[in-house]
1. How about region 399-425: which of its residues are buried (at least 17 other Cβ atoms within 10 Å of the Cβ), assigned to a strand (DSSP E or B) and in contact (Cβ under 8 Å) with a residue 60 or more places away in the chain?
2. Could you check how many residues of region 141-185 are of a type in the set (Asp, Glu) and either farther than 20 Å from Ala212 by Cα or under 16 Å from the mean Cα position of the chain (by Cα) (or both)?
3. Condition check: assigned to a helix (DSSP H, G or I) and touching a residue at least 60 places away in the same chain (Cβ under 8 Å). Does Gly321 satisfy that?
4. Does at least one position in region 77-93 carry a residue that is in contact with a helix residue (DSSP H, G or I) (Cβ under 8 Å, 6 or more places away or on another chain) and either in a strand (DSSP E or B) or among the aliphatic types (A, V, I, L, M) (or both)?
5. Would you call Lys64 surrounded by fewer than 17 Cβ atoms within 10 Å (Cβ to Cβ) and out of contact with any Lys or Arg (no Cβ under 9 Å at 6 or more places or on another chain)?
6. Please find, among Glu191, Glu112, Glu129, Glu116, the residue that is of a type in the set (D, E, K, R) and outside the structural domain of Val40 (by TED's automatic domain parsing).
7. Condition (residue is more than 26 Å from Gly436 (Cα to Cα) and part of a helix (DSSP H, G or I)) applied to region 358-368: is it met by at least one residue?
Amino acid sequence: MKNLILLLFCFAIPAFSQAQDGIDAGISYATFQSQGESYVEVYLTVLGPSAGLAPSTDSTMQAKVEVVILFKQGENIVKFDKYLLNGPPTKTPIDFVDVKRYALPNGDYQIEVSVEDLVQVGKARRFAESFSLKYEKDKLGISDIELLSSVKNAPPGTPPANPMFKNNFIFEPMPTNFYQKNDELMLFYFEVYNTDQAIGEPFLQSIFIDNADTKDREEKISVLHKRKNTEPVIAGVHKVDIKELPTGNYNLVIEISNKNRQLLAKKSIPFQRSNPYLKLSEEAISSGKVELGDEFVGKLSESELVYSLKAILMQVDRADGEHVKSIIAQHNENAMRLYLFGYWIKENHNNPAAAYDAYMNVARQVDQSFSNGFRHGFETDRGYVFLKYGAPNNTVFEENDPSAPPYEIWFYNQFPKTGQNNVKFVFYNPKLITNGHVLLHSNARGETNNPQWEVELYRNAPNEINGNDYIQGTQMQSNTGRHAKQLYDSF
């Protein structure tokens, strides 16, 4: 997949405004072979905010662009296509994509593409690049690598004429070869041809990333080797984790080797990676060198910052907890933003906003479930445990024990936080107020451990302690309806 333009996405255009420098369109292409015939796929992505919108219905608008694609050899035009491409009916600007396929004989070509906005008169983009088709029947070959924004299985009945449909998948191509800081995976597609005739025995397929900034040597990253059996065509979608890939210039490389590791074929595609927060130090964040205006924390009000910080207090150590409480008390919004951003960068340096949103979605549900009118639900004992350790595997609720206030027992089969198994928490509501449950006992390391929890739970029956030690006794006598210990031991 070759890109004809590298777009800059660092600006935003208000809805329905006029693009100043022309329509923004990502154009790329990739070459393939099918039944001995070579063909080119041309991918077009139009950025919705840059395209003019014309009325479509009473309530929707629609972008309209004219696309012209030329394939030339020297000054001769060997293939020509001109068509109207309409964006989807919409109330706000939206990106839209298109794919075209063109059969061509092997040879050297120039591709020229123009995209003209029919709503914003005079707004157009033009692109040009040279390429070669060299697929040969019965000889080993690798298609171009098609970078993908998304891929999903095609639903039954998807018409083969759907331009996004290929080999039972629905593809959406990448508009550029540039991976931004929030991108965590590279999705891509390629095909290998004629291994049955050219190799004739199982072979090795290798996928790796090469650091293009080390020009004097090959630096392989994320190497994936896989043994393959020969077939006329081997096609598939692949992915590479790029969360830990630093900012830089790279090549995605496909290699085919025989069983003796002799290289038989190779194909690559260049790409760029921006990962500015990969090795961002706490000192850099706290010093204010990071511009937070465009980050998720820059959009939070003071009340949202306070709420978000309180929601992570159970996740930090005592010293950090005191620091968080201090900056909240001082109403220091800048310090709150810096701390919150630093915390979520450590959780997910590629996409701290996604990690924050996922956590806060749970925190808000916990708040709603356990709020007692005096503090947030995640500040109660049950909310604290839920957010810190996750949902229990099993829960027992008891409100009708004649000798005890309402209580709950939470059971965790596995407990990664401490490396334990079969961890339990006992909560009870001695004051009988709404969501007034407090932690009575747990066998989790670092949490409240009360050997006399059963005696405390049944404190309204002090004369029924098992044994004669009414001060240090830890168990109650069996009685009708009194089964907290039995429940505790049942998992």
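The values are calculated or read from the model by the stated rules, or taken from the named source; none is laboratory data. Just so it is clear, the structure is predicted and the values come from calculations on it, not from any experiment. Please note: Cβ atoms are built from the backbone with ideal geometry, for glycine as well, and neighbour counts cover all protein chains shown.
1. Tyr407, Ile409, Phe411, Lys424
2. Kept after step one, since they are of a type in the set (Asp, Glu), are these residues of region 141-185: 144, 146, 172, 183-184.
Narrowing the set further to residues that are either farther than 20 Å from Ala212 by Cα or under 16 Å from the mean Cα position of the chain (by Cα) (or both) leaves 172, 183-184.
The total comes to 3.
3. Values: assigned to a helix (DSSP H, G or I): yes; touching a residue at least 60 places away in the same chain (Cβ under 8 Å): no.
No; evaluated as a whole, the condition is false for this residue.
4. Yes, that holds for at least one residue.
5. Values: surrounded by fewer than 17 Cβ atoms within 10 Å (Cβ to Cβ): no; out of contact with any Lys or Arg (no Cβ under 9 Å at 6 or more places or on another chain): yes.
Answer is no for this residue.
6. Glu191 is the lone residue from the list that is of a type in the set (D, E, K, R) and outside the structural domain of Val40 (by TED's automatic domain parsing).
7. Initial filter on region 358-368 (more than 26 Å from Gly436 (Cα to Cα)): 358.
Of the ones still in play, those that are also part of a helix (DSSP H, G or I) are 358.
Checked against the condition, which is being more than 26 Å from Gly436 (Cα to Cα) and part of a helix (DSSP H, G or I), region 358-368 yields at least one hit.
Condition check ((1) modelled with pLDDT of 90 or more; (2) surrounded by 15 or more Cβ atoms within 10 Å (Cβ to Cβ); (3) of a type in the set (D, E, K, R)) across all residues:
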{"position": "Val97", "(1), (2), (3)": "yes, yes, no"}
{"position": "Ser114", "(1), (2), (3)": "yes, yes, no"}
{"position": "Lys123", "(1), (2), (3)": "no, yes, yes"}
{"position": "Glu129", "(1), (2), (3)": "yes, yes, yes"}
{"position": "Phe169", "(1), (2), (3)": "no, yes, no"}
